[in-house]
Amino acid sequence: MGLHSFRAKFLLVVGGAVLFDLLIGGGIALWNVNRLSSDATRQVGLGLTKATGEYLQNYVGTTAERTDLLIDRVHTEVKTLAGSMQTLIDHPNIQAALGEAATQDPSFSTPLAYNAASNWWQNQPGEVSAVTVWGYLLNAGGGLPPDVAAEVRDSTAFNIFGPSIQGTGTRKLQVYYIGPKSAPILRSTPYTNQGVTFDRVYPGHNNQNWWDFFFPDLYEGWQSWIKNPSAKPVDDEITTLSPYMDGVTGKLIVSFFHPVWTKDREDIAGVVGADLTLDQMANIVESVKIADTGFAFLAMSNGNVLAVTPEGEKTLGISNSSPSVFDRSLRKSSQPAIASLPLNQNNDGVIQHIVLDQRGESVRHIVVLKSLEPTNMWSSGPIRRETMSIGIVVPEREIYATLFAAQESISRATNRILISQIIAIIVSLLIVFAAVFGISKRITAGLIALAGAARRLQAKDYSVRVSIPTRDEVGEVGVAFNRMAEEISFHTENLEHLVDERTKELEGANQEISALNSKLRDENLRLGAELAVAKQIQMMVLPRANELEAIPEVEIAAYMRPADEVGGDYYDVLQEGSRVKIGIGDVTGHGLESGVLMLMVQSVARALQETGEHNPRQFLDRLNRAIYKNIERTNTDKHLSLAFLDFENGRVTLSGQHEEVLVIRENGEIERIDTIDLGLPIGLERDIAPFIATRDIAFNSGDVIVLHTDGVTEAEDQEGKLFGLVRLGNSARHHHRGSAEEIKTGIIEDLMAHIGTQKIHDDITLVIMRHR
């Protein structure tokens, strides 16, 4: 074989190229493996660090949510009890009658007995609740003054509500009712001999006012809320007492108080409360287990740790330093990093790295904090805002153990790959040289045959076939070449036929799509027509301008704009002789169902007016019964708020529950009238007669009454700010000197300017009534 032969050139060129390629490729491969190992180690580190951080953040967030949920459940139960007692206070006749009936039932209420030795009165064992009247409340002869006796009688209703609250929901130590400062009797369930217990645990309490002895400044703090609602640190009626050691049970407890108000909302009528052992919150915290020694703790904003495992207590370097007062503060920790740990700051979910001393060794730890929902808290002083925190502490070496193991595994695997690559390169060089030398002739022969066949195929001779007898890769290329030539010939002959078939299929699909589009257009037209008819019917039953102008003494102007084609707002003006009844309401939601319910209300109201039903309470009750039965028949979940103004001979009577009514006096003064206690939503209950009330409104010459639905006050601008009741009142006062129509137009212009280009999400209804 000469040096100028094709085979020699092939060996020289191919062998040299392969050698160069293997050397360069092998070197690059080794470099890439090493780089890949470094990148993998870094990426795994970043990924596991991020995943660990997210895991800890999610864990502490979930633990905080579980704790918040427990507190929320207690709040809900206390508010339920307070709501029940408040309802009776708001209806004193019912409260007195219920208390009188309960005290007459020996199976429900036992008479009080006087304890001459301790100078207090208490009921007998066997009753569901214990009630005690303290000595300083008694008269000179040791008897119960009338106001104290009335408080004992009226609070007997607690025996109905208290045991059910105590026996359901969150496990509680006890629930109780405490009278106002003028008569702070104590009624608690389950029954305990509380008089004897208090004399033993709290000597001297029987000679001082209950509230001043046990909770100085707390009662006065609640009274300040009445005068200034913004004085609440947190917008909630619940006040939580700072955790303390209960003198009766010896347990660490938290008390939740909720005042109930006098009927006129000018003072406190009493307080309901519940005691919850801190064990329940502690169980949530102490159940946290992270890695081998990670733990959680619950701390107040002042650093006092309420819940932590014994091992966690040692790690934090804290202990309870007082046998009588619970004081286990992080600020007194023997670990400087713990003592300076920031609490009640904007650091929720932030991964903090600290160093703790453990048996003379500096160990790096991770700390994650999560704030609980803020509460009103009292602790021997004014009520303040308290935000407790859940914390998680775990050693870095434990939480990152997986990372360290992964990095070590990657390092070992990299070394194995490098050694394998070097060996593979050497073996590949030997095999390649032997193979190139051995098959060079067979390769070149096959390549020449393939080259000739390719030239014929290029000349569109699709019948060409190549014959390569070898069964190596070149032979496979020959077989593939022959198959390719056959397929090119076949597809060339059948291409036009396939194009025709695909064209027919596309035409059929296009016809089906056109038919569907036509059907959808017809359906949209039909639905649009139906909604247009419903809207036209709805607008037809609204009061006409000539009807409103014919009403003496008052001017009435109204505006309605549905959010959809059919709205769910209702207003009407019904006149019979000198009596004028103006109604306004808002059906839940909007659309066709809400519009139909609005038409039902209009029809029933018109029928009742025509039958001469002049009593506002009976009018609302009968309307509700009719609507309730229609809602049952239509099997819908709709209902509506609804209020009526009855005007006759200069007198206005308001009834029913709806949005607040604004009265703009002739001198521009604004009065807001709440309707929450004047009724219930229509269609929600079969019988609402016990809840319907009326209120007379002074309505003199020049005065203006503004009725509206929530679509007015809840209209949003581009920044999501609501129009609100304050803007509505200011707009009405600005225009109140004009006619009713001018006032209505001015308010609507102000409203639309506020909304701008923002989408209107709810029906807008406005009714203006002006005394001439």
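Residue check, residue 379 against (1) at pLDDT 80 or above; (2) more than 25 Å from residue 67 (Cβ to Cβ); (3) small (Gly, Ala, Ser), all met but one. Which one?
Exception for residue 379: condition (2).
Among what's in region 238-272 and is of a type in the set (Asp, Glu) and touching a helix residue (DSSP H, G or I) at 6+ places or on another chain (Cβ under 8 Å), pick the residue that is surrounded by the most Cβ atoms within 10 Å (Cβ to Cβ).
267
Of the residues that make up region 585-595, is at least one closer than 17 Å to residue 711 by Cα, among the acidic types (Asp, Glu), in the same structural domain as residue 701 (by TED's automatic domain parsing) and in contact (Cβ under 8 Å) with a residue 12 or more places away in the chain?
yes
I'm trying to understand the selection: among the residues of region 272-327, which are among the aliphatic types (A, V, I, L, M) and closer than 15 Å to residue 394 by Cβ?
Residues satisfying the conditions are 285, 288, 290, 291, 296, 308, 316.
Would you confirm, using the coordinates I've provided, whether residue 200 is touching a strand residue (DSSP E or B) at 6+ places or on another chain (Cβ under 9 Å) and basic (Lys, Arg)?
When the stated conditions are applied, residue 200 does not pass them.
Of all residues in region 657-713, which are under 16 Å from residue 728 (Cα atoms), part of a helix (DSSP H, G or I) and more than 32 Å from the chain's Cα centre (by Cα)?
none
Output the residues belonging to region 72-95 that are touching a Leu at 6+ places or on another chain (Cβ under 9 Å), of a type outside the set (S, T, N, Q) and either crowded, with 17+ Cβ neighbours inside 10 Å or in contact (Cβ under 8 Å) with a residue 12 or more places away in the chain (or both).
Residues satisfying the conditions are 74, 88.
Does region 260-280 hold any residues that are in contact with a Pro (Cβ under 9 Å, 6 or more places away or on another chain) and either of a type outside the set (D, E, K, R) or in a strand (DSSP E or B) (or both), and which are they?
Hits for region 260-280 are 262, 268, 269, 270, 271, 272, 278.
Of all residues in region 55-71, how many are among the aromatic types (Phe, Trp, Tyr) and surrounded by 15 or more Cβ atoms within 10 Å (Cβ to Cβ)?
1
Cβ contacts < 9 Å: first residue within 28 Å of residue 244 (Cβ to Cβ) and among the β-branched types (Val, Ile, Thr), restricted to region 324-352; second residue at pLDDT 85 or above and assigned to a loop (DSSP other than H, G, I, E, B), any location; separation 6+ or different chain. Result?
338/317; 338/318
Return the only residue of 737, 733, 727, 772 being farther than 29 Å from residue 625 by Cα and in contact with a Pro (Cβ under 9 Å, 6 or more places away or on another chain).
772
Going through region 604-617 one residue at a time, which ones are assigned to a helix (DSSP H, G or I) and free of Cβ contacts under 8 Å to residues at least 60 places away in the same chain?
Hits for region 604-617 are 604, 605, 606, 607, 608, 609, 610.
Yes/no matrix, rows are residues, columns are (1) more than 30 Å from residue 183 (Cβ to Cβ); (2) out of contact with any strand residue (DSSP E or B) (no Cβ under 7 Å at 6 or more places or on another chain); (3) of a type outside the set (D, E, K, R):
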residue: 257; (1), (2), (3): no, no, yes
residue: 265; (1), (2), (3): no, yes, no
residue: 272; (1), (2), (3): no, no, yes
residue: 278; (1), (2), (3): yes, no, yes
residue: 290; (1), (2), (3): yes, no, yes
residue: 297; (1), (2), (3): yes, no, yes
residue: 301; (1), (2), (3): yes, no, yes
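Only one of these conditions is not met by residue 618: (1) at pLDDT 95 or above; (2) surrounded by 18 or more Cβ atoms within 10 Å (Cβ to Cβ); (3) not hydroxyl-bearing (Ser, Thr, Tyr). Which number is it?
Only one criterion in (1) at pLDDT 95 or above; (2) surrounded by 18 or more Cβ atoms within 10 Å (Cβ to Cβ); (3) not hydroxyl-bearing (Ser, Thr, Tyr) is unmet by residue 618, namely (2).
Among the residues that make up region 430-440, is at least one of them surrounded by 14 or more Cβ atoms within 10 Å (Cβ to Cβ) and either at pLDDT 70 or above or basic (Lys, Arg) (or both)?
No - not one qualifying residue is present in region 430-440.
Evaluate region 408-420: report whether one residue or more is out of contact with any Lys or Arg (no Cβ under 7 Å at 6 or more places or on another chain), more than 30 Å from residue 49 (Cα to Cα) and modelled with pLDDT of 70 or more.
Looking through region 408-420, at least one residue is out of contact with any Lys or Arg (no Cβ under 7 Å at 6 or more places or on another chain), more than 30 Å from residue 49 (Cα to Cα) and modelled with pLDDT of 70 or more.
Tell me the residue from 292, 275 that is modelled with pLDDT of 90 or more and of a type in the set (Asp, Glu), please.
Being modelled with pLDDT of 90 or more and of a type in the set (Asp, Glu) holds for just one of 292, 275, which is 275.
For (1) at pLDDT 95 or above; (2) of a type in the set (A, V, I, L, M, F, W, C); (3) loosely packed, with under 15 Cβ neighbours inside 10 Å, each residue gets a yes or a no:
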{"residue": "720", "(1), (2), (3)": "no, no, yes"}
{"residue": "727", "(1), (2), (3)": "yes, no, no"}
{"residue": "731", "(1), (2), (3)": "yes, no, no"}
{"residue": "746", "(1), (2), (3)": "yes, no, no"}
{"residue": "751", "(1), (2), (3)": "yes, yes, no"}
{"residue": "756", "(1), (2), (3)": "no, no, yes"}
{"residue": "764", "(1), (2), (3)": "no, yes, no"}
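Being under 29 Å from the mean Cα position of the chain (by Cα), closer than 24 Å to residue 539 by Cα and in a helix (DSSP H, G or I), is that true of even one residue in region 723-736?
No, because not a single residue in region 723-736 is under 29 Å from the mean Cα position of the chain (by Cα), closer than 24 Å to residue 539 by Cα and in a helix (DSSP H, G or I).
The values are calculated or read from the model by the stated rules, or taken from the named source; none is laboratory data. In this text, all values refer to a predicted model and were calculated from it rather than measured experimentally. Note that we place each Cβ from the backbone using ideal geometry, even for glycine, and neighbour counts take in every protein chain shown.
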